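Here's the structure we're looking at; comments come further down.
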Amino acid sequence: MEQRRRAAPNTQPMAAPGSPATDARARSLWFDPPTDDQDRRPRLTRDRVVAEALVVIAEDGVQALTMRRLAGRLGVVPGAVYRHVRNKQQLQDLLLDGVLAEIDVHLDPSLPWTEQLKVLAHRLRQVLEAHPGVAGILKTRDPLGPHSLALAEAFLSPLQTAGFGKREAGLVFFLLVDYTIGFAVSPPASVNEQRVRDPATRTQLHQFFRSLPPDRFPALVALGEHVWVDNRDERFTAGLDVLVGGLEHDGTSDPPALKRQPTHDYQVHLRT
């Protein structure tokens, strides 16, 4: 009996039903630290490749986007990137379509067709300027992805409803898109934009214009300080109003400038 009393039982307190075990020699599955899976990089996917390409462009510009550099940032060999995109051109098209997917192409049909075009142009510019460098790619590529097509449809539909001819609708489409992309190519962070945004620099610039010889630069002396101002949004809206307003010339959807024949045919018509 005494011997049995001195022998300490080699047991641990039993855990309550449903609670984790606390034996240090047999750690609970629930509280074990993560295994090697914690250190593994996220699985490489096409979405990751495209997202990282956007980061490269935003940080270092379009020219910095190469497949080798992209692979280095992703921590893989270039061959791994090529398993998800065939080449740089496809990468650019995927990137563009992903950015254009952010544009809300749904328009209020109760708005006049002119206002629908303006709303869409403003949305396009806003998204492009939110992704620096992308507008430059859009100038060189003609993406035909699902979101790119949806944007084109949204621009063309009001023109078709307004009664534009096929040729005229095509001209107007590219007129509006080219204007918007061209405006977005010069980003708000450009040297010129920063110059007029800084009040001190802008004041010095205006003083410089006023100090010019008035006999040589009378227009700059009088108007320079009204030209170099912080009015980026106002400039875009004013230009868009002029473009769309021209389409309403004389209350018709086909202004004379769009009705003209191509230059050669037009000259032949005049001679006749």
Requested in this report: Would you mind finding the one in Leu171, Leu205, Leu128, Leu212 that is under 23 Å from the mean Cα position of the chain (by Cα) and either within 28 Å of Val56 (Cβ to Cβ) or aliphatic (A, V, I, L, M) (or both)?
Outcome: Leu128
Query raised in the report: Going by the structure shown, is Ile137 within 19 Å of Gly239 (Cα to Cα), aliphatic (A, V, I, L, M), part of a helix (DSSP H, G or I) and touching a residue at least 40 places away in the same chain (Cβ under 8 Å)?
Result: no
Query raised in the report: Would you pick out the residues in the stretch 178-196 that are surrounded by 17 or more Cβ atoms within 10 Å (Cβ to Cβ) and either among the hydroxyl-bearing types (Ser, Thr, Tyr) or at pLDDT 95 or above (or both)?
Result: Tyr179, Thr180
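Here is a yes/no grid of residues against (1) touching a helix residue (DSSP H, G or I) at 6+ places or on another chain (Cβ under 7 Å); (2) over 30 Å from Ala53 (Cβ atoms); (3) in contact (Cβ under 8 Å) with a residue 12 or more places away in the chain:
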{"position": "Asp142", "(1), (2), (3)": "no, no, no"}
{"position": "Thr161", "(1), (2), (3)": "yes, yes, yes"}
{"position": "Gly165", "(1), (2), (3)": "no, yes, yes"}
{"position": "Glu168", "(1), (2), (3)": "yes, yes, yes"}
{"position": "Phe173", "(1), (2), (3)": "yes, no, yes"}
{"position": "Leu176", "(1), (2), (3)": "yes, no, yes"}
{"position": "Tyr179", "(1), (2), (3)": "yes, no, yes"}
{"position": "Ala184", "(1), (2), (3)": "yes, no, yes"}
Query raised in the report: Somewhere in the stretch 57-72, is a residue surrounded by fewer than 19 Cβ atoms within 10 Å (Cβ to Cβ), under 21 Å from Ser186 (Cβ atoms), β-branched (Val, Ile, Thr) and not assigned by TED's automatic domain parsing to the domain that holds Val177?
Result: yes
Query raised in the report: Only one of Ala58, Ala51 is touching a Pro at 6+ places or on another chain (Cβ under 6 Å), of a type outside the set (Ser, Thr, Tyr) and either part of a helix (DSSP H, G or I) or in contact (Cβ under 8 Å) with a residue 12 or more places away in the chain (or both); which?
Result: Ala58
Requested in this report: Looking for whichever is closer than 15 Å to Thr180 by Cβ, in a helix (DSSP H, G or I) and in the same structural domain as Ala150 (by TED's automatic domain parsing) here; the options are Leu96, Leu124. Which one fits?
Outcome: Leu124
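The values are calculated or read from the model by the stated rules, or taken from the named source; none is laboratory data. It should be emphasised that the depicted structure is a prediction, and the values quoted were computed from it without experimental measurement. Counting neighbours? That spans all protein chains shown, and the Cβs are built from the backbone with ideal geometry, glycine included.
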